[in-house]
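The values are calculated or read from the model by the stated rules, or taken from the named source; none is laboratory data. Treat the numbers as computed from the prediction; the structure is a model and nothing was measured. A quick note on method: Cβ atoms are made from the backbone with ideal geometry, for glycine too, and the neighbour counts reach across all protein chains shown. To get the accessible areas, we keep the full protein, side chains included, count just its heavy atoms, and leave off ligands, DNA and RNA. Shrake-Rupley method; radii C 1.70, N 1.55, O 1.52, S 1.80 Å.
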Amino acid sequence: MTLAPATFAAAADGGERTQVVTGHLPTGAADFVHLPVEVPFGVREIAVSYSYDRPAVPPGTPGNSCDIGIFDERGTGLGGPGFRGWSGGFRTSFAISRGSATPGYLPGPIRPGTWHVVLGPYQVAPQGLDYRVEVTLRFGDPGPEFTPVYPPERARGRGRAWYRGDCHLHTVYSDGRRLPAEVAAGARTAGLDFMVSTDHNTSASHGIWGPLAGPDLLIITGEEVTTRNGHWLALGIRPGEWIDWRYRSRDDAYPRFVRQVHGAGGLVVPAHPYCPYVACQWKFGYEGADAVEVWNGPWTYDDESAVDAWDSRLAEDLRHGRSWLPAMGNSDAHSAPQVVGLPHNVVLADDLSRMHILDGLRAGRSWLAESAAVQLGFTATGHGRRAGIGEQLAVPADAPVDVRLDVSGVPNGTVRLLTDEGQLHQESLPASGSGTVTWRTTASLATYVRAEVRHPRADGTPGQGNSMGPDLPWGQMAALTNPILLRITD
Ligand SMILES: [Zn+2]
Ligand SMILES: [Zn+2]
């Protein structure tokens, strides 16, 4: 949907001109409403503010909510070059000039031509949505250019080792309240080796991270691609690269952007697939995905759903001989008191570099931890061979396979060992939180084996697997491993 254009005459140096556009959007308005802005020569800064009404709605009915962003004279084409920033519903105003921009927006030349302010009526009340958009053009010398400083692609690693990292983090560059410096400090406090910046729908923070990375902290650029049919993480895209989000599952545009991320060497990770918020549930399926975020922030019931669905898919993928989908856990921390690194991924990688970390995550050589206080080792041994997390153990069908879990940092925790038959072993940890659990199976009995370590339930009991009842049988997750695969040899 495109509105009548706002046109501006050129002004003398230092002057400014303002236009106000008002209108009404009915229930059922298009996902994106375009307001053309004719920008003449000589503009130094574009400033936009907007507001909309919030009429009372019956209980249970969504009220008005409207996002905003802007595209420049290069156009609004899907995945095109015209993107200049998006602030969702987080800000009521923004400004862009050659040398600076409101966080979430891209500084750069203000070239003449038709720009578009884009409204995203996210929820529209039954009465409709009355909006008011004010566009101010300030004329004059464009000033110095903005120089992005991207983070380096590697940090000081320990060679092939387990590295901890949170791959889903927000800042003031989208809808978080933390500055990038505060997020980087949070990653260091949490004992992380790496982090991925994933502000919603914009690459604007990429050029800010450079000075915040260091030998002790690898910062990888990414984006949370926030569609109306679910959110996905584009991890490890090129610094400054932007991934479009303006489509639904029915539009069939998603595969194009999956290819874009893969072309950049990045990972596609559906995020919080069962989050109950409007437009947050994942509706694009898992074809093309490299992993799935089964644990998002503090443990909640939607994470149980995500783990169950992920587990069911493992056996199906292995039956079809497809690559299986590794599990990931990330904090999705936006603001205090949300904790950076709760949870995070512990990845076996050849070095602490963007490429090696992404390789480890893609291969599922990783486990998920609620904090760096939790340590874990998980192996399967049989027929003179050994395999670790994400690896495959090839053994004769009936050869004994010894599974061993070493864990610490989960006082009175409950260890669960699960295969494609479900939970087959449960054992409690002592008050010290440290213990070793061993269990024997065969490749004929188990296609894969994975481990969970749970906290006690609220009443202090460990919970009981293979049981039914009105309450969740388990306490909160403390650690979860990707599977070890068992393959039958001839
Ligand atoms: Zn999200
Ligand atoms: Zn998020």
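So how many residues does the range 337-346 have that are open to solvent by 40 Å² or more (accessible area, probe 1.4 Å), of a type in the set (A, V, I, L, M, F, W, C) and away from ligand 2 (no atom under 16 Å from the Cβ)? Give the steps one after another, and end with the answer.
First, pick out the residues of the range 337-346 that are open to solvent by 40 Å² or more (accessible area, probe 1.4 Å): 337-339, 342.
If we keep only those that are of a type in the set (A, V, I, L, M, F, W, C) too, we end up with 339, 342.
When the remaining residues are screened for being away from ligand 2 (no atom under 16 Å from the Cβ), the result is none.
Residues in the range 337-346 being open to solvent by 40 Å² or more (accessible area, probe 1.4 Å), of a type in the set (A, V, I, L, M, F, W, C) and away from ligand 2 (no atom under 16 Å from the Cβ): 0 in total.
For Ser444, the stated conditions hold: it is at pLDDT 95 or above, part of a loop (DSSP other than H, G, I, E, B), of a type in the set (Gly, Ala, Ser) and touching an Asp or Glu at 6+ places or on another chain (Cβ under 8 Å).
A quick yes/no check of all residues on (1) touching a residue at least 40 places away in the same chain (Cβ under 8 Å); (2) under 23 Å from Gly63 (Cβ atoms):
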site: Phe90; (1), (2): yes, yes
site: Ser97; (1), (2): yes, no
site: Gly104; (1), (2): yes, no
site: Gly108; (1), (2): no, no
site: Tyr122; (1), (2): yes, yes
site: Leu129; (1), (2): yes, yes
site: Val135; (1), (2): yes, no
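Taking the range 307-335 as the range and being within 16 Å of ligand 2 (Cβ to nearest atom) and outside any loop (DSSP other than H, G, I, E, B) as the test, the residues that pass are Met328, Gly329, Asn330, Ala333. Exactly one residue out of Arg228, Arg238, Arg256 is within 16 Å of ligand 1 (Cβ to nearest atom), within 18 Å of Gly79 (Cβ to Cβ) and open to solvent by 10 Å² or more (accessible area, probe 1.4 Å), and it is Arg228.
Every condition in (1) open to solvent by less than 20 Å² (accessible area, probe 1.4 Å); (2) of a type in the set (Val, Ile, Thr); (3) within 16 Å of ligand 2 (Cβ to nearest atom) is met by Ile219 except one, and the failing one is (3).
What are the residues in the range 444-459 that are open to solvent by 10 Å² or more (accessible area, probe 1.4 Å) and either of a type in the set (A, V, I, L, M, F, W, C) or touching a residue at least 12 places away in the same chain (Cβ under 8 Å) (or both), if any? Can you show your working first?
Looking only at the range 444-459, we keep the residues that are open to solvent by 10 Å² or more (accessible area, probe 1.4 Å), and these are 444-445, 447, 455-459.
Matches in the range 444-459: Ser444, Leu445, Thr447, His455, Pro456, Arg457, Ala458.
Among the residues of the range 263-283, those that are surrounded by fewer than 18 Cβ atoms within 10 Å (Cβ to Cβ) and in contact (Cβ under 8 Å) with a residue 24 or more places away in the chain comprise Ala264, Gly265, Pro276, Val278, Ala279, Gln281, Lys283.
Filtering the range 243-295 to residues that are modelled with pLDDT of 95 or more, more than 19 Å from Pro343 (Cα to Cα) and aromatic (Phe, Trp, Tyr) leaves Trp245, Tyr247, Tyr254, Phe257, Trp282, Phe284, Tyr286. Looking across the range 302-325, just one residue is free of Cβ contacts under 8 Å to residues at least 12 places away in the same chain, within 17 Å of Ile389 (Cβ to Cβ) and open to solvent by 20 Å² or more (accessible area, probe 1.4 Å), and that is Ser323.
Of all residues in the range 284-301, those being surrounded by fewer than 24 Cβ atoms within 10 Å (Cβ to Cβ) and assigned to a loop (DSSP other than H, G, I, E, B) number 10. I need a count of the residues in the range 144-196 that are within 16 Å of ligand 1 (Cβ to nearest atom) and within 13 Å of Ala372 (Cα to Cα). Total satisfying the criteria: 1.
Comparison of Arg250, Arg256 shows that the only residue that is free of Cβ contacts under 8 Å to residues at least 24 places away in the same chain and over 23 Å from Gly364 (Cβ atoms) is Arg250. So which of Val149, Val135 ends up being within 25 Å of Trp86 (Cβ to Cβ) and open to solvent by less than 50 Å² (accessible area, probe 1.4 Å)? Exactly one residue qualifies, and that residue is Val135.
Taking the criterion of being within 16 Å of ligand 2 (Cβ to nearest atom), in contact with a helix residue (DSSP H, G or I) (Cβ under 9 Å, 6 or more places away or on another chain) and not acidic (Asp, Glu), the residues of the range 283-306 that qualify are Ala291, Val292, Val294, Trp295, Asn296, Gly297.
For the range 235-250, filtering for residues that are out of contact with any Lys or Arg (no Cβ under 7 Å at 6 or more places or on another chain), over 17 Å from Ala264 (Cα atoms) and not aromatic (Phe, Trp, Tyr) leaves 2. Of all residues in the range 475-490, those that are closer than 19 Å to Asn330 by Cα have Cβ atoms under 6 Å from Cβ atoms of residues that are of a type in the set (Asp, Glu) and surrounded by 15 or more Cβ atoms within 10 Å (Cβ to Cβ), 6 or more apart or on another chain, in Ala478/Glu370; Leu480/Glu452.
Results for (1) more than 16 Å from ligand 2 (Cβ to nearest atom); (2) without any contact (Cβ under 8 Å) to a residue 60 or more places away in the chain; (3) under 15 Å from Pro239 (Cα atoms), shown as yes or no for each residue.
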| site | (1), (2), (3) |
| --- | --- |
| Gly159 | yes, no, no |
| Tyr163 | yes, no, no |
| Val172 | no, no, no |
| Arg177 | no, no, no |
| Ala184 | yes, yes, no |
| Asp199 | no, no, yes |
| Ala204 | no, no, yes |
| Gly207 | yes, no, yes |
| Val225 | no, yes, no |
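Where strands (runs of 3 or more DSSP E) fall entirely within the range 1-98, those with at least 2 residues that are open to solvent by 30 Å² or more (accessible area, probe 1.4 Å) and touching an Asp or Glu at 6+ places or on another chain (Cβ under 8 Å) are at 16-25, 43-52.
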